[in-house]
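The values are calculated or read from the model by the stated rules, or taken from the named source; none is laboratory data. Small disclaimer: the values here were computed from a predicted structure and weren't measured. In this analysis, Cβ positions are derived from the backbone assuming ideal geometry, glycine residues included, and neighbour counts consider all displayed protein chains.
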Amino acid sequence: MEDISLHLLDIVENSARAEARNVKIYIEINRQENRLKIRVEDDGHGMDEDMLINSQNPFFTTKKDRVKKVGLGIPLFKQNAELCDGSFEMKSEINRGTVIYAEFRLDHIDRMPLGDIGDTLTAVIIGHPETDFQLVMKIVDDNNGDEREFSFDTGEVKKELGDVPLSHPEVTGFIRNYLSEGISNLYNE
């Protein structure tokens, strides 16, 4: 994986396979604490304790139709967080969903770039129109502790659109631009 947004793509795809109806992605860039914090929550099928432990093993996968019987997404995300003076935690409950939390030292030389969160989220929104996605990004500045936040919720967009699908080209373009501009403005304020 080249950047963290691709890890998020993999995790959100796992949520979709678990038939999650809602996926919440929280990203905090905390310059004051020198931390990058990421949390993904879903309301999918969830996992029992054995599957929760196994899902962090690179030689385990639930994808039976794959040629390679390994699942590297979660183990690599965990490894990348831990290699950057960070941490990784997963919690899950059957029929209640899964929460993944990863933290990285923001200025660690080996920390992957965040990547294009807007394009990644646009792709998963188009690919999974049955799922509602919520993104909350926050930046906390180092000098004064000022906080800036950007949020996006497909549930709200769907209410406004009525019968128009999120996959409609004009809607897709709007979502891509809205996410790109909102995230960009978050950094530039």
Point to revise | Selection from segment 109-141 of residues that are more than 14 Å from I27 (Cα to Cα), surrounded by 17 or more Cβ atoms within 10 Å (Cβ to Cβ) and either in contact with a strand residue (DSSP E or B) (Cβ under 7 Å, 6 or more places away or on another chain) or not hydrophobic (A, V, I, L, M, F, W, C) (or both) | key: R111, T122, V124, I125, H128, T131, D132
Point to revise | Per-region count, segment 78-98, residues closer than 26 Å to D43 by Cα, crowded, with 16+ Cβ neighbours inside 10 Å and not aromatic (F, W, Y) | key: 8
Revision key, fill the gap. Of the conditions (1) modelled with pLDDT under 95; (2) of a type in the set (V, I, T); (3) closer than 16 Å to M112 by Cα, the single one that I38 does not satisfy is (1)
Check your understanding: Give me the pairs: first residue in segment 157-175 and assigned to a loop (DSSP other than H, G, I, E, B), second residue of a type in the set (K, R), beta-carbon distance under 8 Å, and six or more apart or on different chains, which are they?
Key -> L166/K158
Revision key, fill the gap. In segment 19-37, residues that are surrounded by fewer than 18 Cβ atoms within 10 Å (Cβ to Cβ) and outside any strand (DSSP E or B) total 6
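Tell me which residues, restricted to segment 38-60, are touching a helix residue (DSSP H, G or I) at 6+ places or on another chain (Cβ under 8 Å) and either surrounded by 19 or more Cβ atoms within 10 Å (Cβ to Cβ) or of a type outside the set (S, T, N, Q) (or both).
Of everything in segment 38-60, those that are touching a helix residue (DSSP H, G or I) at 6+ places or on another chain (Cβ under 8 Å) and either surrounded by 19 or more Cβ atoms within 10 Å (Cβ to Cβ) or of a type outside the set (S, T, N, Q) (or both) turn out to be I38, V40, D42, G44, S55, P58, F60.
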Exercise for review: Would you be able to tell me the number of residues in segment 75-113 that are at positive phi and touching an Asp or Glu at 6+ places or on another chain (Cβ under 6 Å)?
Suggested key: 1
Point to revise | Residues satisfying the stated conditions in segment 38-54, i.e. more than 15 Å from the chain's Cα centre (by Cα), among the aliphatic types (A, V, I, L, M) and not in a helix (DSSP H, G or I) | key: M47
Review point. Given (1) in a helix (DSSP H, G or I); (2) within 23 Å of E156 (Cα to Cα), where does D10 come up short, assuming only one miss?
Key: (2)
